[in-house]
Amino acid sequence: MAFALAICAFALPVYCDFVKLPARGGSGGTEYSHGCGDDKVFIGLRGKGGYWLGKLQALCRKVSTAGKWLGSTTYSATTDGGEGGFYPFMPQQLTATCPEGYAVKGMSGSARDGLVVKINLHCWKMDRSIPNFGAPNDITRSMTAPYSPTSDRVSWSEDRCSDKIGRGFHGRYNDKGIVAVGLTCHAGTTPNAETLAAPDGLVAVNLTGPNGTQSTTVTPFVQLSWMDRSTYESGYRVRIFNTRLGILANTFERPAGSGIGTRQALNVADLPADNYTFNVCSKYSSADGGDLCFGNMPFTIGQAASCNPTITGQVELIGSGTARVRWSHTCTNPLRFQVQLRSAVSGNFIGVSDTQNGTAREENFTGFALGVANEVRVCAIFQGQGANSFCSAPRAFQFNVPGP
């Protein structure tokens, strides 16, 4: 490995945010510098090559604090100058990319006729926390001009970033191709690695209304909240489980948070009264390892303090032995409604029909007697509550026996 004088670029306030290792190759030419910026690392090169190399671009990737590649590959600007070829040695598209989870930490190569013909990228595995990640051994990926003779080449040994990883490349070009190339390294506080983390700090509080203030008693409304611990999630998945029934009760998809350390919240007003738990997942792509989840936070949904189904209109006969009843109500999130019937014969109300859910406002029922007085009532059913807890006032009806 060659030890070279590093050029440190300064900004205000004064600190070294990147380091340029010497550009190797030929002499002369126009300077260029391309890279991945503060928030990505240098993972490869794309360019043209014929007799020499030309038109280079840096391949860049976001990384996590553990050195894992994130998202998709992006590209820097392209060097000006020639494409590195001429007839009949026409330039071809070339690419050299580090393996998954690696990044460029060193660079070596060869020149011929004063132009670069080969670039070796020394890729290190990012298996330790930034800034000092890197395995002791490296994997080399090379870009070589396909028509360049191997004779008379001038080679240079590896220049290596000292304690960080590569962020791009620099050098000089002319109208034929790349005259010289050198590695640019991250330094100072960069690269800005992404934190992949599950949310935490789960809290559940009952509210006085759907968007009300915190309640000191159990109500039909709840606010679920959690702490954002990443800047890279695409959103959140909130899952609510009914602990009594052991089932997934509901799932909510929420947008990404506004930054690490900010509290995110979701108000829920459509759960039947019962006991629940919830967890929250930060959503990451499968390529980034998938969702990271946290929590098993319990909470309770209460029933409405006042719940009064009211039968509206008259009970209708809609077919032979079938009637229909309609109602309104002031209940909050009932599980369903039950139609109960009492006749002069039975003496007690019995359930004769149940709606499929708590949004119903009418139901057909059978079981009534013809030619005698009947009474019907509608009861709101909540999980964990008896069927007779919230019932309407009875409505009397009688259907006569059809004549001969």
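What the table below lists for this structure:
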quantity: Sequence-distant residues sharing a close amide H with Val222 (under 5 Å, placed H); calculated: Leu207, Val268
quantity: Highest average packing first - 55-63, 215-223, Cβ atoms within 10 Å; calculated: 55-63, 215-223
quantity: Restricting region 280-382 to trypsin sites (Lys or Arg not before Pro) in coil, as DSSP defines it, with at most 15 other Cβ within 10 Å; calculated: Arg361
quantity: Between region 51-102 and region 14-43, the alpha-carbon center distance in angstrom; calculated: 14
quantity: Taking region 334-377 and dividing mean pair separation by its residue count, relative contact order in percent (alpha carbons under 8 Å, at least six apart); calculated: 46
quantity: Rel. contact order, % - alpha carbon contacts under 8 angstrom, at least six apart, region 7-186; calculated: 31
quantity: Most mobile of Ile381, Ile247, Ile178 in a GNM of the chain (Cα contacts under 10 Å); calculated: Ile247
quantity: Separation of alpha-carbon centers, region 331-357 and region 142-177, rounded to whole Å; calculated: 83
quantity: Calculated FRET efficiency for the pair Asn308/Val218, C-beta based, R₀ 22 Å, to 0.05; calculated: 0.65
quantity: For region 55-62, 3J(HN,Hα) per residue [Karplus equation, 6.51 cos²θ - 1.76 cosθ + 1.60, θ = phi - 60°, Hz, x = Gly/Pro]; calculated: 6, 8, 10, 8, 8, 10, 8, 5
quantity: Total lysine pairs whose alpha carbons fall under 19 Å of each other in the chain (8 or more apart, or interchain); calculated: 25
quantity: Peptide ranges 101-109, 186-194, 362-370 listed from the most packed, as the mean C-beta count within 10 angstrom indicates; calculated: 101-109, 186-194, 362-370
quantity: Sites Thr189 and Thr330, calculated FRET efficiency, Cβ-Cβ separation with R0 60 Å, nearest 0.05; calculated: 0.55
quantity: Leu370/Asp200 FRET efficiency (R0 56 Å; Cβ-Cβ; nearest 0.05); calculated: 0.30
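Each reported figure results from applying straightforward, stated rules to the coordinates on display, with no laboratory input. It should be emphasised that the depicted structure is a prediction, and the values quoted were computed from it without experimental measurement. Positions of Cβ are generated from backbone atoms using ideal geometry, with glycine treated the same way; all protein chains shown enter the neighbour counts.
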